[in-house]
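The values are calculated or read from the model by the stated rules, or taken from the named source; none is laboratory data. Computed from a predicted structure; not experimentally measured. Ideal geometry is used to build each Cβ from the backbone, glycine not excepted, and the neighbour counts take in all protein chains shown. Calculation scope for accessible area: heavy atoms of the full protein, side chains included, ligands and nucleic acids excluded. Shrake-Rupley method; radii C 1.70, N 1.55, O 1.52, S 1.80 Å.
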Amino acid sequence: MTEQEQVSDEAVAELEAGASKLKVSDELTITIKEMHKWYGSFHVLKNINLDVYRGERIVICGPSGSGKSTLIRCINRLEEHQQGDIIVDNVELTNDLKNIDAVRREVGMVFQHFNLFPHLTVLENCALAPIWVKQTPREEAEEIAMKYLTRVKIPEQALKFPGQLSGGQQQRVAIARSLCMSPRIMLFDEPTSALDPEMIKEVLDVMIELAGEGMTMLCVTHEMGFAKTVANRVIFMDEGEIIEENDPHEFFDNPQHERTQLFLSQILAH
Amino acid sequence: MSTEQTYAPGTHPDLPPPSNTIGFVGWVRGNLLNSTTNIVITVLTVYLLYLIIPPLMSWVFLDAVLQADSRDDCRAIAKEAGHPMGACWAFIGKRFELFVYGFYPAAERWRVNIAFFIMLAAFYPVLFDHAPYRKQGLWFALLAPVILVWLLIGGFGLEPVDTDKFGGFLLTLVIGVTGIVVSLPIGIALALGRQSDMPALRIICIGFIEFIRGVPLITLLFVASTMLNYFLPPGTTFDLLLRVLIMVTLFSSAYLAEVVRGGLQAIPKGQTEAADAMGLKYWQSMRLIILPQALKISIPGIVNSFIGLYKDSTLVIIIGLFDPLGMGRASLADTKWQGLSTEIYVFVAIFFFISCFAMARYSLYLEKKLHTGH
Ligand SMILES: Nc1ncnc2c1ncn2[C@@H]1O[C@H](COP(=O)(O)OP(=O)(O)O)[C@@H](O)[C@H]1O
Ligand SMILES: [Mg+2]
C-alpha cells in the first residue's frame, strides 16, 4: 500500500476541487525571527526563521531528535525560547502570562499520544476548555462539543471514556477537543505515529477536511502522501536547523540539500 | 472427554463451558483442590478452623455472661448454669457509657448523640455521589464542623464542656475525624508545594515533610503536651486536646503529602501539557485534570494513612487522655472486675476493626467507581 492510498479518494477530490486552490492569504499569522532555544547547554533550535500566513498548511519533517516537536511547542509556549522573537496573531510570546493565555486560546494542539483526559468522558473532554477558559455555559459548550464530535464522525461515542475507544477514535476526539476552542491555528505533533496502520487514514481524513476549510496548520508528520496532497509548504529540519523549505512537489521530486535527499531516500525506502 | 461433533470452518457456535469449571463446584475445584500443595493447604486450613472456631464461639457466645455485678458474680452465674465461665460481657455493659462518652457530663450526653448523627449526615453526601440532594448536602457538610464544635464544646446557650472530659469512642472519633478531614487538604497542598517552581515554597514544604516524618508521633504528642507552653506567651492556656489535634493532623498530612506526591508523579506529563495547551490556568489544570487522577491512584495509600492515623489515636493514652483503650485499662483497676482484660481488649479491638474495615471497604468501592479505563 503506498502512502497516497491511505488518504481517501473523496477527501482528496474535495480538496483538489476547492481547498488546494485556496489562495493562501497575505495575512501573517506566525512570525518566528532568529529564534534559538537551549535545553540546559544543549542548543536544540538554531536561528529559526519562519513566517506563516493565514490558511497555510505546513508540513515539518526531519529525522528524530531534529527539534521538530520543540519548534512547534515553542509556538504555544509549552517550551520557552531563550533568544529571538515568536509573534502569534500579533501577540509576542514573552513571560507575560496574559500573552501566553491569549496565544493558547488561538492555537490548538494535537499530540502524538492524544493526551485525552482519561477520567472524563469524551464529551467532557471536549467541553472542558470552552467552559473553563471561555466561560461558555455548560449546555452551550456541550452543543459545541457534539458539533465537532459529529464533524470527526464519532458523535455516538460522546458518553464513553477515552480508554474505551480505539487509537484512531481517540485521536479524532483530540482533534475535536482542540476545535471546540475555535482555534485559528492548529499544531499537530506526529498525530498518526502512535496509531495502528488501519487507523491512520481516519485521522488523516479529518485533517484533510480541516485543511479544506482553510485552517492554518503546522503539522509534524512523516506521512508523505498527506504532505503531497495537503501541504502548501514542506519544511525539513535537521539538528535544530531548518535545512530546506519548499513547495511539496519540488520538495519531493527535486530536493536541494543532500541531507534532505538522504532523509527522503530513507523514509521512502520502506 | 472430547466432543465428536465437528463444524465446518466459520460455523462454530458459542458453546457453554464444561460444567465442572463453573459454579460453586467449579470454584472449589479450580481454587482449593487444583494441585497437591493446594489440597494439603486446604485440608490444614479446615483443620485449624475446626480447632479454633468452636472454643471461640463458646467463649464469645455460648458461655458468655451478659448480666452481672462483678467478676465473682459472673463466675457464680456461669457455675449455676453449669458451664465454664466464658466472656464476662457484663463488665463491658456496666462500663459502656464510659467507653462511649468518657467523662462527658451525663446530662449533656444527648449532644454527643446528635453530633454523631450530624457527622454521619455530613459524610454521606461527601462520600457517595448518588446521595439524594447532594448539592444541599455538601453545603451542609461545609457547615457541619461549626455545628459539631458548638455541640461538643458548648457555649452560645449550651452548657460548656471542657475538652478534658472527652474520652472513649468520642475522643477517638474527634481525633480521627478531625485528623482525616483536615490533613487531606494540607497534605495535598504540601505535595503541590513540594513540586512548586518557587524554591522558597518548595524548601519549606520539603523541610516540613521531612521533619515530621523523621520524628515519632509519640514525641510530637509529648511536645504537644509540654513543650508548646515554652513557645507560647506565658499565661496563655492552650487546650490539650487542641494541641493533640494539631500534632496528629500535621503528622498525618506529612505522610499524605508523600502518598499524593507519588500519585502526582504517576500522571503522564502529556496531561499537564494538554491542559496548558488548551489555555487552562495552573489551578484549573490541577483541580480538573491532575488532582482527580492523582488522588484516584493514591486512594489505597491515602486510606492506608487514614487507618494508621485512626489507630494511632490510641497513643494519646500516654499524655493522659482516655480513648477506649485508656478507658479499658482504667476500668481494670476496679477490684470488682479485676482480671477481665481479655474482654476489654477484644471489645476495643472489635470497635477499631469495624471502623477501619469500613474505611477499607469504602476505598475499594471508590476505586471501582472511579475506574474508567480498559
Ligand atoms: N525536556 C528536554 N530536556 C532536554 N532535552 C530535550 C528535552 N526535550 C527534547 N530534548 C532533546 O531535544 C532534541 C529535539 O527533540 P524533539 O524536538 O523532541 O525532536 P523531534 O520531535 O524532532 O524528534 C532531542 O535531542 C531531544 O533529546
Ligand atoms: Mg517529536
Checklist entry - Going by accessible area, probe 1.4 Å, with all protein chains left in place, what is the ranking of B:Ile41, B:Ile147, largest first? => result B:Ile41, B:Ile147
Item to check | Residues of region A:51-93 with amide N under 12 Å of the 7 Å Cα→Cβ point at A:Phe42 | outcome: A:65-67, A:70
Checklist entry - Using bins 10 angstrom wide from zero, how does P(r) for region B:19-92 break down, in % of all Cα pairs? => result 19, 27, 17, 16, 17, 4
Checklist entry - Under a point spin-label approximation (7 Å from Cα along Cα-to-Cβ), what is the B:Leu15-B:Thr45 distance to one decimal in nm? => result 3.2
Checklist entry - Out of B:Trp283, B:Trp27, B:His83, whose Cα points farthest toward the positive end of the dipole of chain B (charges: +1 Lys, Arg; -1 Asp, Glu; placed on Cβ)? => result B:Trp283
Item to check | Separation of the B:Asp72 and B:Trp27 label points, Cα + 7 Å toward Cβ, nm | outcome: 5.3
Item to check | Portion, in percent, of the accessible area of region B:19-92 that falls on carbon or sulfur, probe 1.4 Å | outcome: 68
Next on the checklist: Mean Kyte-Doolittle hydropathy of 1.6 or higher plus an axial Cα length of 30 Å or more: which whole DSSP H helices in chain B meet both?
Outcome noted: B:36-57, B:168-194
Checklist entry - On the first, second and third principal axes, largest extent first, how far apart are the outermost C-alpha atoms of region A:170-270 in Å? => result 41, 29, 24
Checklist outcome for this item: About its Cα centre, region B:19-92 carries a charge dipole, from +1 on Lys and Arg Cβ atoms and -1 on Asp and Glu Cβ atoms, whose size in debye to the nearest 20 is 360
Checklist outcome for this item: The correct pair for chain B, radius of gyration to one decimal and Dmax as a whole number, both in Å and from Cα atoms, is 27.3, 95
Item to check | Charge dipole (debye, nearest 20) of chain B; +1 at Cβ of Lys and Arg, -1 at Cβ of Asp and Glu | outcome: 520
Checklist entry - Of the accessible area of chain A, with the probe set at 1.4 angstrom, what percent is carbon plus sulfur? => result 48
Item to check | Cysteines without a disulfide-compatible partner [chain B; Cβ-Cβ under 4.7 Å] | outcome: B:Cys205, B:Cys356
Checklist entry - With no solvent and one point on each alpha carbon, what is the Debye value of log10 I(q)/I(0) for the protein assembly as shown at q = 0.05, 0.06, 0.12 Å⁻¹? => result -0.40, -0.55, -1.23
Item to check | Three-way shape label, region B:1-148, alpha-carbon gyration tensor, a/c 1.5 | outcome: oblate
Checklist outcome for this item: With only helices counted (DSSP H, runs n ≥ 4, each -39500 (n - 2.57)), the per-residue ellipticity at 222 nm for chain A, to the nearest 500, works out to -11500 deg cm²/dmol
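Using a 1.4 angstrom probe, figure out how much accessible area region A:149-233 has per residue, in square angstrom, rounded to the nearest whole.
On a per-residue basis, 30 Å².
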Checklist entry - Using only Cα atoms, what Kirkwood radius does chain A have, in angstroms? => result 19.1
Checklist entry - How are the Cα pair distances of region B:144-295 distributed, in percent, across 5 Å bins from 0? => result 2, 8, 13, 16, 15, 14, 11, 9, 6, 3, 2, 0
Next on the checklist: About the Cα centre, and with charges only on the beta carbon of Lys, Arg (+1) and Asp, Glu (-1), how big is the dipole of the protein assembly as shown? Nearest 20 debye, please.
Outcome noted: 2720
Item to check | Per residue accessible area in Å² of region B:190-271, where ligands, DNA and RNA are left out and the probe is 1.4 Å | outcome: 52
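Just counting partner chain Cβ atoms within 10 Å, what average do the residues of peptide B:280-290 show around their Cβ?
The shielding value for this peptide is 3.
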Next on the checklist: Could you sort B:Asp73, B:Asp164, A:Asp96 by their accessible area in this structure, using a 1.4 Å probe and putting the largest first?
Outcome noted: B:Asp164, A:Asp96, B:Asp73
Item to check | Of B:Ala121, B:Leu98, B:Val215, farthest towards positive along the dipole that unit charges on Lys, Arg, Asp, Glu beta carbons give the protein assembly as shown | outcome: B:Leu98
Checklist outcome for this item: Mean other chain Cβ within 10 Å across A:107-120 is 5
Item to check | Accessible surface buried upon A-B contact (total; probe 1.4 Å; Å², nearest 100) | outcome: 1900
Checklist outcome for this item: Of the listed links A:Lys153/B:Lys281; A:Lys160/B:Lys368; A:Lys37/A:Lys98; B:Lys296/B:Lys369; A:Lys147/B:Lys135, those spanning more than 19 angstrom between alpha carbons are A:Lys153/B:Lys281; A:Lys37/A:Lys98; A:Lys147/B:Lys135
Checklist entry - How far is the Cα center of region A:69-85 from the Cα center of region B:125-164, in Å? => result 51
